[in-house]
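Every read-out reported here was derived from the displayed coordinates using simple, explicitly stated rules and does not represent laboratory data. None of the values given here were measured: they were computed from a predicted structure. Neighbour counts are summed over all protein chains in view; Cβ atoms, including those assigned to glycine, are modelled from backbone coordinates with ideal geometry.
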Amino acid sequence: MNLLLQSQAHREAFEYFIEDFKSYKPILAAIKNEYEMMLNHQNTYIKQLEPLRQMLVTVTEECDKQIMKLRDDEKNGSTFFVHLLRNNTAMGSYMQHISISNQAGES
């Protein structure tokens, strides 16, 4: 909120400059217009990013929960064997794939 009040104060001050310096009014008004358009564009962009920020917070929280669960499971030793079994199965599949690829290449 404080930032909005500061922004409004700057707008009003700039308006006074525009009105007081009549010979520079067209260029100052054009500068102010560009500035306002850029602020509006940035505000729109920030609003578009807000759902992504919320999603990032949610995903981070879920990942933190999963990490804590994995740590708890590792303390119990149960996931170590599951990971070992998965890695062993994956390694076997990979070795089988390499073997088939080598046989196909020799033919």
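Evaluate the stretch 2-57: find the radius of gyration of its Cα atoms, find its Kirkwood radius, and give the ratio Rg to Rh.
1.19
So how strong a dipole does the stretch 2-57 carry about its Cα centre when Lys and Arg Cβ are +1 and Asp and Glu Cβ are -1, to the nearest 20 debye? Please list the in-between numbers first.
Numbers: 6 positive and 7 negative charges, 30 e Å.
Dipole size: approximately 140 debye.
Specify which residue in the list Q42, V57, P26 is farthest towards the positive end of the charge dipole of the stretch 2-57, using unit charges on the beta carbon of Lys, Arg (+1) and Asp, Glu (-1), about the Cα centre.
Of Q42, V57, P26, it is V57.
What ranking do 38-51, 15-28 get when scored by the average of other Cβ atoms within 10 Å per residue, highest first?
15-28, 38-51
When the Karplus curve 6.51 cos²θ - 1.76 cosθ + 1.60 is applied with θ = phi - 60°, which whole-Hz ³J(HN,Hα) does each residue of the stretch 2-8 get, with x for Gly and Pro?
So the Karplus estimates, Gly and Pro as x, are 4, 5, 5, 5, 4, 4, 5 Hz.
Using a basic spin-label model with each label point 7 Å from the Cα along Cα→Cβ, how many nm lie between F17 and K69?
5.7 nm
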